[in-house]
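K.L.:
Pasting a structure here, questions to come.
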Amino acid sequence: MRIRTAIVFVVLGTCLFINLFMSSASSRTLQEGSVRWGVPVDGLQMSISAVGSNNLDNPKFEVVMRNAGERDVTLNLGYMLGNGKVQLPQNISLNVSDALGRTRKLEFFDRRYPAVAGRVDDYIVPLRAGSSYTLMLSLNQFWSPGTNEFELKLFPGKNHITAQFEGGGAKTSNLDVPGLKLMHFWLGNLQSNVLVIDR
């Protein structure tokens, strides 16, 4: 009787373990599969997705850079102020178009820092192979140079949004970090998947 009870417990325990393992694996697959990526360029990929309930007057985005290649890379995302206290991803832009074909290119602009006074450093992000870096951004952190709009609103209807990254080398020339100019930065243009927001 005791042997039979022990066997039942072992079988139940094994079934429970397999069920938990399969659910965990399935949830991981679902989570990873839900992120959409742009076309890889030299091993680098980019993704944009909506965050939270998404206030349509000021939608929030999650922009992810992923090193899907086999070599480590270094990215220059823009500028930093105050010895790294403020990080401004100037090299990330958004392209927004509506159903009528109207298109705007939006550039990053943080209203809290309209002018620069003091030290400026490059916004450097080392990205090992297989690693990713996430930025949380919102529409009110961008402006449209083409239409001179600072208070941006999405067009009525379906908006197609892509994020873009322009990779480049070190641009600042602070005397205490002369070696930055020699670093191997990822160079090129990268575009994310298309995010659709219906306003």
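The values are calculated or read from the model by the stated rules, or taken from the named source; none is laboratory data. All figures in this text were calculated on a predicted structure; none of them were measured in a lab. Positions of Cβ are generated from backbone atoms using ideal geometry, with glycine treated the same way; all protein chains shown enter the neighbour counts.
K.L.:
For the stretch 128-137, indicate whether the set of residues that are of a type in the set (S, T, N, Q), over 30 Å from Val39 (Cβ atoms) and part of a loop (DSSP other than H, G, I, E, B) is non-empty. Walk me through how you get there before you give the answer.
P.N.:
Within the stretch 128-137, the first condition is being of a type in the set (S, T, N, Q), and the residues that meet it are 131-132, 134.
Narrowing further to those that are over 30 Å from Val39 (Cβ atoms): none.
No, the conditions are met nowhere in the stretch 128-137.
K.L.:
Of these, Leu152, Leu175, which one is more than 17 Å from the chain's Cα centre (by Cα) and surrounded by 17 or more Cβ atoms within 10 Å (Cβ to Cβ)?
P.N.:
Numbers: Leu175 fails: surrounded by 17 or more Cβ atoms within 10 Å (Cβ to Cβ).
Answer to the check: Leu152.
K.L.:
Kindly indicate whether any position in the stretch 146-155 is part of a strand (DSSP E or B) and closer than 28 Å to Asp72 by Cβ. Lay out the reasoning, then the answer.
P.N.:
From the stretch 146-155, those part of a strand (DSSP E or B) are 149; that's our starting set.
Subsequent filtering for residues that are closer than 28 Å to Asp72 by Cβ retains none.
No, there is no match, as no residue in the stretch 146-155 is part of a strand (DSSP E or B) and closer than 28 Å to Asp72 by Cβ.
K.L.:
Conditions first: (1) outside any strand (DSSP E or B); (2) more than 17 Å from the chain's Cα centre (by Cα). Asn140 passes all but one, so which condition is the exception?
P.N.:
The single condition Asn140 does not satisfy is (2).
K.L.:
Okay, next question. Counting only residues that are part of a loop (DSSP other than H, G, I, E, B), touching a residue at least 24 places away in the same chain (Cβ under 8 Å) and either in contact with a Cys (Cβ under 6 Å, 6 or more places away or on another chain) or of a type outside the set (A, V, I, L, M, F, W, C) (or both), how many does the stretch 36-78 have?
P.N.:
So the count comes out to 13.
K.L.:
May I ask you to verify whether Glu166 is among the charged types (D, E, K, R), in the same structural domain as Asn55 (by TED's automatic domain parsing) and under 11 Å from Leu75 (Cα atoms)?
P.N.:
Values: among the charged types (D, E, K, R): yes; in the same structural domain as Asn55 (by TED's automatic domain parsing): yes; under 11 Å from Leu75 (Cα atoms): yes.
It is true that Glu166 is among the charged types (D, E, K, R), in the same structural domain as Asn55 (by TED's automatic domain parsing) and under 11 Å from Leu75 (Cα atoms).
K.L.:
For Trp143, only one of the following conditions fails: (1) surrounded by 14 or more Cβ atoms within 10 Å (Cβ to Cβ); (2) closer than 26 Å to Trp37 by Cβ. What is its number?
P.N.:
(2)
K.L.:
Among the residues of the stretch 111-126, is any touching a Leu at 6+ places or on another chain (Cβ under 7 Å), among the aliphatic types (A, V, I, L, M) and over 14 Å from Tyr79 (Cβ atoms)?
P.N.:
Checked the stretch 111-126: no residue is touching a Leu at 6+ places or on another chain (Cβ under 7 Å), among the aliphatic types (A, V, I, L, M) and over 14 Å from Tyr79 (Cβ atoms).
K.L.:
For Gly82, work out the one condition from (1) surrounded by 14 or more Cβ atoms within 10 Å (Cβ to Cβ); (2) more than 28 Å from Asp42 (Cα to Cα) it doesn't fulfil.
P.N.:
Condition (1) is where Gly82 drops out.
K.L.:
Do we find that Tyr113 is within 16 Å of Met65 (Cα to Cα) and either over 15 Å from the mean Cα position of the chain (by Cα) or of a type in the set (Ser, Thr, Tyr) (or both) in this structure?
P.N.:
Considered against the rule, which asks whether it is within 16 Å of Met65 (Cα to Cα) and either over 15 Å from the mean Cα position of the chain (by Cα) or of a type in the set (Ser, Thr, Tyr) (or both), Tyr113 comes out as no.
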